[in-house]
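Structure first, commentary second.
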Amino acid sequence: MSKSESDQVLQVSEVTKIYGRSYLTNIAGKTISRRVVGAEEVSFIVNKGEIFGFLGPNGAGKTTTIRCILDYLKMQSGMISVFGLDHHIDALEIRERIGYIPGDLALFKNYTGNELINFYGSFRPIDPDFLKELRSLFRVDLSLKIKSLSSGNRQQVGIILALASKPEFLILDEPTSGLDPLMTANFHRILKKLKQEGYTIFLSSHDLAEVQSVCDRVGIIREGRMILIENVEDLRSKFVQHINIKFDPSKVPQISDFPSNSSIISVNQIKKTVFSLTISENINSFLHWLRNYEIIRLTIEDASLEEIFLQYYE
Amino acid sequence: MLTVYRKNLRKYLLIGISFPIVIVLFIPLIGSLWPELRNQMEFFQEFLKNPIYQVMLGELVDLSTWPGMYFMYIFMMLEWVMIFATIFIPARLISSEMDNNTLDVMLSYPIPRWRYGLEKYSVYLTYNLLYPILILSTTFLANETMLNIDFISAEETIDLVVVGYATIGSWLLFFALGALSFLCGMIFLESSKAMAFSGLVILGQYMMERFGGITESISFLQDYSLFHYLSASAINHSGKLLIGDLIIVASVGLAALAAALYIFQTRELT
């Protein structure tokens, strides 16, 4: 095995998963059948020690790809290897070294968090020091039964279970859904720490901000196809942002006053003093120009994934 | 070691022990009422000659004797518990986990699926072992007590060897019917469908056994029913555990269990 191959923790090559056919009746009453594609020729590599973000809207094929990696689903074609091992033949050996949080997390509801840690710990030994650290970071009471916990607290238990053995490779399918911002921040802190220690993380998400904040590289999947794999920094430069500004009525600019040499894509006047702008890349020059005015309110939003897809296609 | 087995043994403790205890409690109950029941049963015995009762209660029942009464009540109840338990419990062992999504996390740990399924099925078999153990021990105590207080004579005591054969036969039926139900669970991986289909399979076999006994022309139906083999009333009548019956039931059970585990190991978890 070459050096570069040994650095690859996950290799997904041309994976195709078709669920079958769906049948729809159109307005003319004609029945149309079409393939239900879960993933189509999806290929990517996750290197040792990186956090790879797997982005896509709901139904894009993220979970299908993950379930193929875990050998829960059978692929029509393609190849998957984890740690250089075949994901199907060597499934048990692989599972000794991975941690997984499913997108739709469900735990045995009549057990307490502590009982579940002991139970799952008998399959993959717990790292006691790391478990202690996780207990201090997450505020869930592990002595309570799962059925008595809120969905956010259950998610915290799921995170603790997946991470407690400090596995070499973490597969996380939308792990922060249901978590409050503080717990999300704590979780991101742990991911960054694990990355610094050389652990590898595969993070599936539809939250652009989450991927931006923790990932090194990102793959974007849409309608079952991988449409883009890039470094997060490079992708960020491709994002458009939406800005809403409310000016003080004493001095309101005209649309023609907005700087034409900055990266403004469009300007719309919503009300007399309120403007909506779409800006790409660097907004520094625009913010510099804004200093000439008194601002009452300013909001900046990232573009939606769909917009990034459209922008990518353009 | 056997972590899944031990976890589920605790999980199903209450339901696992409650049914065997309820059944064995009937032994001292009908034993204590036996002197009064004896006279009434002699009267009812005439009714039992009706072929419909013979179909419902099984052939060769003599309610005017303590062993006859004992076998009819205890093993008829055991048969109904068996039908209920085999339809609802094994079919749901894995399929309910699919319904609840708990398998997703569980199978991400290094345990082969077949072993996970086998350990869960072994819990069902373990609790069913309580039936032979509790029925035998309670019958022994009931025999001794009733003899000491002159409720029955020495000739009327129940043959514990025959009870042992009948309970072993029942346990094997629990195993084989349970394995068929477990197989339904693995095929459908959805508890409502799995229970519906296992109900069809198990109740279908029960009906074939009972209706096949009404007339000679459809008696061939009984050959396709597991209830026809190792029946408690036949064991009581013959005093033997037929090896041929035992092999048939055990073979069906083992084949169904192996098929269920193979399907679970190889199928998709959609």
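Rundown of residues vs (1) assigned to a loop (DSSP other than H, G, I, E, B); (2) more than 14 Å from chain B (Cβ to nearest Cβ), yes/no style:
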position	(1), (2)
A:Phe108	yes, no
A:Leu116	no, no
A:Tyr120	no, no
A:Lys132	no, yes
A:Ser136	no, yes
A:Lys147	no, no
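Within segment B:99-114, being more than 9 Å from every other protein chain (Cβ to nearest Cβ) and either farther than 12 Å from A:Tyr72 by Cα or assigned to a loop (DSSP other than H, G, I, E, B) (or both) holds for B:Asp99, B:Trp114.
If you go through segment A:166-202 and keep only what is under 16 Å from A:Gln155 (Cα atoms) and free of Cβ contacts under 8 Å to residues at least 24 places away in the same chain, you end up with A:Pro181, A:Leu182, A:Ala185.
Could you please let me know if A:Thr16 is surrounded by fewer than 16 Cβ atoms within 10 Å (Cβ to Cβ), at pLDDT 80 or above and at negative phi? For A:Thr16, the condition - surrounded by fewer than 16 Cβ atoms within 10 Å (Cβ to Cβ), at pLDDT 80 or above and at negative phi - is not met. Here is the figure for segment B:208-228: residues that are of a type in the set (Phe, Trp, Tyr) and in contact (Cβ under 8 Å) with a residue 24 or more places away in the chain total 2.
If you go through segment A:176-230 and keep only what is part of a loop (DSSP other than H, G, I, E, B), surrounded by 18 or more Cβ atoms within 10 Å (Cβ to Cβ) and out of contact with any Gly (no Cβ under 8 Å at 6 or more places or on another chain), you end up with just A:Thr176.
Here B:Val81 fits the description: closer than 22 Å to B:Leu13 by Cα and either within 14 Å of another protein chain (Cβ to nearest Cβ) or of a type outside the set (Ser, Thr, Tyr) (or both).
Here A:Glu40 meets each of (1) touching a residue at least 24 places away in the same chain (Cβ under 8 Å); (2) within 14 Å of another protein chain (Cβ to nearest Cβ); (3) under 23 Å from A:Asp207 (Cα atoms) with one exception, condition (2). All told, B:Asp104 meets the bar of being more than 27 Å from the chain's Cα centre (by Cα) and modelled with pLDDT of 90 or more.
Residue count for segment B:157-200 under the criterion of being surrounded by fewer than 24 Cβ atoms within 10 Å (Cβ to Cβ), small (Gly, Ala, Ser) and over 15 Å from the mean Cα position of the chain (by Cα): the result is 3. Can B:Leu189 be described as of a type outside the set (Phe, Trp, Tyr), in contact (Cβ under 8 Å) with a residue 60 or more places away in the chain and on the phi > 0 side of the Ramachandran plot? Against the criterion (of a type outside the set (Phe, Trp, Tyr), in contact (Cβ under 8 Å) with a residue 60 or more places away in the chain and on the phi > 0 side of the Ramachandran plot), B:Leu189 qualifies.
Cβ-Cβ contacts under 8 Å between residues 6 or more apart (or on different chains), taken from a first residue in segment B:1-18 that is under 11 Å from B:Ser122 (Cβ atoms) to a second residue that is in a loop (DSSP other than H, G, I, E, B), are listed as B:Val4/B:Ile111.
Go through A:Phe138, A:Phe83, A:Phe130 for me and flag whichever is surrounded by fewer than 21 Cβ atoms within 10 Å (Cβ to Cβ) and without any contact (Cβ under 8 Å) to a residue 60 or more places away in the chain. The conditions single out A:Phe130. The set of residues in segment B:218-240 that are modelled with pLDDT of 90 or more and polar (S, T, N, Q) comprises B:Gln222, B:Ser225. Based on this model, can you work out whether A:Thr299 counts as modelled with pLDDT of 90 or more, in a strand (DSSP E or B), among the hydroxyl-bearing types (Ser, Thr, Tyr) and farther than 27 Å from A:Val46 by Cα? Here the answer is yes, as A:Thr299 does meet what is asked.
What number of residues in segment A:82-93 are in a helix (DSSP H, G or I) and more than 8 Å from chain B (Cβ to nearest Cβ)?
So the count comes out to 1.
Given (1) in contact with a Cys (Cβ under 9 Å, 6 or more places away or on another chain); (2) within 13 Å of chain B (Cβ to nearest Cβ); (3) among the charged types (D, E, K, R); (4) farther than 24 Å from B:Thr270 by Cβ, where does A:Glu96 come up short, assuming only one miss? With (1) in contact with a Cys (Cβ under 9 Å, 6 or more places away or on another chain); (2) within 13 Å of chain B (Cβ to nearest Cβ); (3) among the charged types (D, E, K, R); (4) farther than 24 Å from B:Thr270 by Cβ applied to A:Glu96, the lone miss is (1). Answer yes or no as to whether B:Asp245 is exposed (fewer than 13 other Cβ atoms within 10 Å of the Cβ), assigned to a helix (DSSP H, G or I) and of a type outside the set (Gly, Ala, Ser). It is false that B:Asp245 is exposed (fewer than 13 other Cβ atoms within 10 Å of the Cβ), assigned to a helix (DSSP H, G or I) and of a type outside the set (Gly, Ala, Ser). The set of residues in segment B:23-37 that are in contact (Cβ under 8 Å) with a residue 12 or more places away in the chain and not small (Gly, Ala, Ser) comprises B:Ile23, B:Val24, B:Phe26, B:Ile27, B:Pro28, B:Ile30, B:Trp34, B:Pro35, B:Leu37.
Residues that are outside any helix (DSSP H, G or I) and either touching a Phe, Trp or Tyr at 6+ places or on another chain (Cβ under 6 Å) or surrounded by fewer than 21 Cβ atoms within 10 Å (Cβ to Cβ) (or both) within segment A:58-79 comprise A:Asn58, A:Gly59, A:Tyr72, A:Leu73, A:Lys74, A:Gln76, A:Ser77, A:Gly78, A:Met79, listed in sequence order. Screening A:Asp104 against (1) facing another protein chain (nearest Cβ under 8 Å); (2) in a helix (DSSP H, G or I); (3) of a type in the set (D, E, K, R) leaves a single unmet condition, (2). Among the conditions (1) within 17 Å of A:Leu105 (Cα to Cα); (2) surrounded by 20 or more Cβ atoms within 10 Å (Cβ to Cβ); (3) more than 19 Å from the chain's Cα centre (by Cα); (4) within 12 Å of another protein chain (Cβ to nearest Cβ), A:Leu172 misses just one, which is (3). Among the residues of segment B:206-237, just one is surrounded by fewer than 21 Cβ atoms within 10 Å (Cβ to Cβ), within 16 Å of B:Leu78 (Cα to Cα) and polar (S, T, N, Q), namely B:Ser233.
Condition (residue is touching a Pro at 6+ places or on another chain (Cβ under 8 Å) and either assigned to a loop (DSSP other than H, G, I, E, B) or more than 30 Å from B:Leu103 (Cα to Cα) (or both)) applied to segment B:211-220: is it met by at least one residue?
Step one: list which residues in segment B:211-220 are touching a Pro at 6+ places or on another chain (Cβ under 8 Å), which gives B:214.
Remaining after also requiring either assigned to a loop (DSSP other than H, G, I, E, B) or more than 30 Å from B:Leu103 (Cα to Cα) (or both): B:214.
Yes: one or more hits.
Here segment A:89-147 is the region considered, the condition is being among the β-branched types (Val, Ile, Thr) and over 22 Å from A:Met183 (Cα atoms), and the residue that is nearest to the chain's Cα centre (by Cα) is A:Ile98.
Sub-7 Å Cβ pairs linking a first residue in segment B:259-270 that is more than 9 Å from every other protein chain (Cβ to nearest Cβ) and surrounded by 13 or more Cβ atoms within 10 Å (Cβ to Cβ) to a second residue that is at pLDDT 95 or above and outside any helix (DSSP H, G or I), at least 6 apart or interchain, are B:Gln265/B:Pro112, ordered by first then second residue. If you go through segment A:149-175 and keep only what is charged (D, E, K, R) and in a helix (DSSP H, G or I), you end up with just A:Arg154.
The values are calculated or read from the model by the stated rules, or taken from the named source; none is laboratory data. Since this is a predicted model, take the numbers as computed values, not measurements. Cβ: placed from backbone, ideal geometry, glycine included. Neighbour counts: every protein chain shown.
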